Every structure is written in structure tokens, then in C-alpha cells.
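**Q** First the structure, then my questions, so here it is.
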Amino acid sequence: PLLGLCAQVFYFTAIATSFLGVGLGLIDFLLDSFTIKRTLLHRFFVAMIIYLPALWIAQTNLRIFYLSLKYGGGLACFYLLVLLPIILYAKK
């Protein structure tokens, strides 16, 4: 039981830190992209635009996280191993 609890805590912290890290980066990206002032109210509004749909999707369809990892990982590998070398070679 202790090992199972430790695994659950590790799983939760891994997912939570990933979600928060990507979300915070996306908040700053959107604030810069749309030239929104960096006030607390504006950051909160952009955060709600980012987090609420993601939380709703995660709560309604539990399998979507695994599917996004599967397809996102595949696309990232294709980009890194196929497209990026071609782009770098073409810029020579």
C-alpha cells in the first residue's frame, strides 16, 4: 500500500507540474503575442482561457490525455528526426 501511495503521489506531481509549466509558458506567450498588458487581472483572464477548457476536456474524456501524448510524441519525433534536418540542410 505504501508503494502504491508513493506511485500515485509521483504520478500526480508529474502531471501537475507539466500542466502548470506549459500553462505558464503559454500565458506569457499569449500576453506577448497579443500585446496585452501584464496586470494581474489580464494574467488571470488569460489563465482562465487556457486552463478551464483543458480541465473540462480532461474531466469529460479521460482517455484524451493518453491520445494526445501518443500523437504529440509521434509528431515531435517526425519533426525532430525528419523535418528539422531537412530545414537545417536547406538553410546552408
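**Q** Could you tell me how many of the residues in region 51-90 are under 21 Å from Ala14 (Cα atoms), of a type outside the set (A, V, I, L, M, F, W, C) and surrounded by 11 or more Cβ atoms within 10 Å (Cβ to Cβ)?
**A** Residues flagged as under 21 Å from Ala14 (Cα atoms), of a type outside the set (A, V, I, L, M, F, W, C) and surrounded by 11 or more Cβ atoms within 10 Å (Cβ to Cβ) within region 51-90 amount to 2.
**Q** Taking region 16-47, which residues are of a type in the set (Val, Ile, Thr) and in contact (Cβ under 8 Å) with a residue 12 or more places away in the chain?
**A** Filtering region 16-47 for residues of a type in the set (Val, Ile, Thr) gives 17, 22, 27, 35-36, 39, 46.
Once the filter is applied, which keeps residues that are of a type in the set (Val, Ile, Thr) and in contact (Cβ under 8 Å) with a residue 12 or more places away in the chain, region 16-47 yields Ile27, Val46.
**Q** Please enumerate the residues belonging to region 12-50 that are of a type outside the set (A, V, I, L, M, F, W, C), open to solvent by 80 Å² or more (accessible area, probe 1.4 Å) and within 20 Å of Ser68 (Cβ to Cβ).
**A** So in region 12-50, the residues of a type outside the set (A, V, I, L, M, F, W, C) come out as 13, 17-18, 21, 23, 25, 28, 32-33, 35, 37-39, 42-43.
Now narrow it down to the ones that are open to solvent by 80 Å² or more (accessible area, probe 1.4 Å): 17, 32, 35, 37-38.
Across region 12-50, the qualifying residue is only Thr17.
**Q** For region 33-53, which residues satisfy the criterion of being of a type in the set (D, E, K, R) and over 18 Å from the mean Cα position of the chain (by Cα)? Talk me through it step by step, then tell me what you get.
**A** Quick first cut of region 33-53, residues of a type in the set (D, E, K, R) only: 37-38, 43.
If the condition is that a residue be of a type in the set (D, E, K, R) and over 18 Å from the mean Cα position of the chain (by Cα), then Lys37, Arg38 are the ones that fit.
The values are calculated or read from the model by the stated rules, or taken from the named source; none is laboratory data. Being a predicted model, the structure only gives us computed values, none of them experimental. We place every Cβ from the backbone using ideal geometry, glycine too, and count neighbours over all the protein chains shown. Side chains included, ligands, DNA and RNA excluded: accessible areas come from the protein's heavy atoms. Shrake-Rupley method; radii C 1.70, N 1.55, O 1.52, S 1.80 Å.
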